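Please read the structure below before turning to the comments.
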Amino acid sequence: MAREIKPALTYAQNQAIEGVNNQAAERDVDQVMDFIENFIQTYTDYFEDGKINLFAVEAHPNLRQKEAQVAFVLINLTGETISELNAELQLEVEDFGVSFEAMDWTIPSEFLGNWEDGYAILVVDNVKMTGSPTQMAYGIGEISLEVGEITVRHPR
């Protein structure tokens, strides 16, 4: 893919750091942006133009909560600005009876803001799970993500 893709924060992420003027917050933002940038450079060949590209890149199970904290990288290559996203998602890992609930996942406009074409974002969310994981974390090579129907809303 020859087109430029830039890392970005969502509206809510920007709001959360606005007004916080300390080195720890700046370091956190730099780490997120570096993570997205490295992801873009590493996986560019897998991106499809004309659509939203969605990847589950990390999952950290929490047995007490019976869920996993999952990091998703989303890349907007639709040619349009998006203000809200809804997607049907199913995660899988090859691990002893571990299964994840299917998700009707929504990123509301209050969180997403105006996500422009050519930008990649990182969103972390909790996904319900069952089973007993044998790993503390799963990486992108161990997570399978099936993406069903995606619907979006555009800014007015």
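Could you look through segment 1-34, keep only residues that are farther than 23 Å from Glu84 by Cα and under 16 Å from the mean Cα position of the chain (by Cα), and pick out the one that is most open to solvent (accessible area, probe 1.4 Å)?
Only one residue tops the list, namely Gln31.
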Residue list for segment 118-136, filter: modelled with pLDDT of 95 or more and out of contact with any Ser or Thr (no Cβ under 6 Å at 6 or more places or on another chain): Gly118, Tyr119, Ala120, Leu122, Val123, Val124, Asp125, Asn126, Val127, Lys128, Met129
Qualifying residue in segment 70-93 (condition: of a type in the set (D, E, K, R), within 14 Å of the chain's Cα centre (by Cα) and open to solvent by 80 Å² or more (accessible area, probe 1.4 Å)): yes
Failed item in (1) open to solvent by less than 70 Å² (accessible area, probe 1.4 Å); (2) within 24 Å of Thr10 (Cα to Cα); (3) part of a strand (DSSP E or B); (4) in contact (Cβ under 8 Å) with a residue 60 or more places away in the chain, with Met129 passing the rest: (2)
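So that you can scan it fast, the table gives a plain yes or no per residue for (1) touching a helix residue (DSSP H, G or I) at 6+ places or on another chain (Cβ under 9 Å); (2) without any contact (Cβ under 8 Å) to a residue 40 or more places away in the chain:
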site: Asn53; (1), (2): yes, yes
site: Ala56; (1), (2): no, no
site: Lys66; (1), (2): no, no
site: Thr106; (1), (2): no, yes
site: Val123; (1), (2): yes, no
site: Thr151; (1), (2): no, no
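The values are calculated or read from the model by the stated rules, or taken from the named source; none is laboratory data. Note that the structure is a prediction, hence the values are computed from the model and not measured. Cβ atoms come from the backbone with ideal geometry, glycine included; neighbour counts cover every protein chain shown. These area figures cover heavy atoms from the full protein model, side chains too; ligands, DNA and RNA do not enter into them. Shrake-Rupley method; radii C 1.70, N 1.55, O 1.52, S 1.80 Å.
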